[in-house]
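Notes follow the structure.
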Amino acid sequence: MKILAIESSCDETAVAVVEDGRRVLSSLINSQVEEHKLYGGVVPEIASRRHIENIGALAEGALTESGLTLSEIDAVAVTYAPGLIGALLVGVNFAKGLAASAGKPLIPVHHIRGHIAANYLAHPELKPPFLALIVSGGHTVIARAESYTDYRIFATTVDDAAGEAFDKVARVLGYPYPGGIYIDRAAREGNPKTYPLPIPSVEGRPDDFSFSGLKTAVINTVHNAEQKGETVCSADLAAGFQATAVRMLTTRFFSLAERLGEKKLVVAGGVAANSGLREALTRGAERSGSSLYIPPLSLCGDNAAMIGSQAYYEYLAGNLADSSLNACAYVPIDNCGI
Ligand code: KG4
Ligand code: ZN
């Protein structure tokens, strides 16, 4: 089954054609990051406008690259939630128009389920059940995939998402948006022990994350140094922040996995590109005798191939939409009732 998939939940317009959930026939991404960089973060109105300008040509390009015509496509899939509402609406409306005009089924896909599905493209043998850690710019979730379309949430962030914390800390340290990659690079040159940082926990909820406290600790370190007329060593502070964030993510993930007796572990989302996190996860998986699945860097960030993969399994489960499909800014991964 060949699915044309559309992703426009944030600042990447993307269209892909994916066969049977596992084979990418084409995948195009138009990133707006250089424009949003000027403002230090994503400007929702600009994101929506650029999606409108780019989506038609990208869809045509993805079809051409796949070697297929629209009539040879079996279904149209689209990210309908979660994300920036105006940005999502562009993709949803385009997909609705395309599906209606071509007489194809319309498959709504949850963005975070899509991030997990990036692993189905990278690891042909991977099948649920497994325990997944999703770390992106908007989400930090540990969920068990009981099947391709049933999830149970075990932990979430109570404030900032992991990627959001990386981006905010990067901003304070003077790196451009999106700052995760700059923190990653700087951390390689820095000493993580120079600035001791706390690992915040959530009272009564030991599995959940709080990144806001960690971010504030970094900001306070910078301000205290400024008040004393000193300059902080950005590489050391980046290294300290990253080491703490990685410890927070990995200790909770591995302790939940142990408690649940889960030996198949999956990681996904933009922050899964972080080299410190990948190393710590690899070490932890070896220690606990678990199999670890992480996408290659090219599939960690937003793309439409992952949406096309998940769409196949949503289709098999009968999760289809009609022309009344709406975009939603927030829908939890375990509740995708359209
Ligand atoms: O999954 P994604 O592309 O978009 C969302 O769905 O949010 O994630 C983007 C996030 C940004 O916060 C970005 O800074 C972060 O992923 N990121 C990284 C790295 N590469 C991207 N964070 C830490 N280290 C990286 N190497
Ligand atoms: Zn994403």
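The values are calculated or read from the model by the stated rules, or taken from the named source; none is laboratory data. The structure displayed is predicted, hence computed values, not measured ones. Note that we place each Cβ from the backbone using ideal geometry, even for glycine, and neighbour counts take in every protein chain shown. Please note that ligands, DNA and RNA were not included when accessible areas were found on the heavy atoms of the full protein model with its side chains. Shrake-Rupley method; radii C 1.70, N 1.55, O 1.52, S 1.80 Å.
Which GluC sites (Glu not before Pro) from the stretch 40-148 combine a DSSP loop assignment with at most 13 other Cβ atoms within 10 Å?
Passing sites in the stretch 40-148 are GLU125, GLU146.
Which Rg and Dmax, in Å, describe the Cα atoms of the stretch 75-128?
13.0, 37
Mean separation of Cα pairs under 8 Å and 6+ residues apart, divided by the residue count of the stretch 99-255: what relative contact order is that in percent?
Dividing the mean separation by the residue count of the stretch 99-255 yields 20 percent.
For LYS104, which lysines qualify as cross-link partners when the Cα separation must be under 17 Å and same-chain residues fewer than eight apart are set aside?
Leaving aside lysines fewer than 8 places away in the same chain, those within reach of LYS104 are LYS2, LYS96.
Counting only C-alpha contacts under 8 Å and six or more residues apart, can you give the relative contact order of the stretch 1-72 as a whole percent?
Reported as a whole number, the value is 32 percent.
Mind checking the angle between helix 44-66 and the chain's longest principal axis? C-alpha axes, 0 to 90 degrees, to the nearest 10.
In the chain, helix 44-66 runs at an angle near 50 degrees to the longest axis.
For the chain, modelled as a GNM with alpha-carbon contacts under 10 angstrom, which of PRO108, PRO200, PRO82 fluctuates the most?
In the Gaussian network model the winner is PRO200.
May I ask you to compute the full-extension gain from LEU70 to ARG49, defined as 0.36 nm times their residue separation minus their alpha-carbon distance, rounded to one decimal in nm?
5.1 nm
Looking at the chain, identify the longest residue range that excludes and avoids all chymotrypsin sites (Phe, Trp or Tyr not before Pro) in DSSP loops having at most 10 other Cβ atoms within 10 Å.
40-329
What angle, in degrees between 0 and 90 and rounded to the nearest 10, separates the Cα long axis of helix 111-122 from the longest principal axis of the Cα atoms of the chain?
Helix 111-122 and the main axis of the chain meet at about 80 degrees.
What residue among GLU286, GLU12, GLU203 shows peak mean-square fluctuation when the chain is described by a Gaussian network model with Cα springs under 10 Å?
GLU203
What do you get when you divide the Cα radius of gyration of the chain by 2.2 N^0.38 Å, with N the number of residues?
Taking N as the residue count of the chain, the ratio is 1.00.
Pick from ILE153, ILE112, ILE307: which is most flexible by mean-square fluctuation in a GNM of the chain where alpha carbon atoms under 10 Å apart are linked?
Its mean-square fluctuation being the largest, the pick is ILE153.
First compute the accessible area of the chain with a 1.4 Å probe, then give the percent of it belonging to carbon and sulfur atoms.
Result for the chain: 51 percent of the exposed heavy-atom area is carbon or sulfur.
What is the sum of charges, Lys and Arg at +1 and Asp and Glu at -1, for the other residues whose Cβ falls under 13 Å from the Cβ of ASN335?
0
Any idea what % of Cα-Cα pairs in the stretch 207-335 are farther than 17 Å?
Of all Cα-Cα pairs in the stretch 207-335, 72 percent lie more than 17 Å apart.
Would you mind checking the tilt of helix 275-288 against the longest principal axis of the Cα atoms of the chain, expressed as 0 to 90 degrees and rounded to 10?
90
Using θ = phi - 60° and the Karplus relation 6.51 cos²θ - 1.76 cosθ + 1.60, list the HN-Hα couplings for the stretch 151-167 in order, rounded to whole Hz, with x at every Gly or Pro.
Result, rounded to whole Hz: 10, 10, 7, 10, 7, 9, 7, 8, 9, 6, 7, 4, x, 4, 5, 4, 5.
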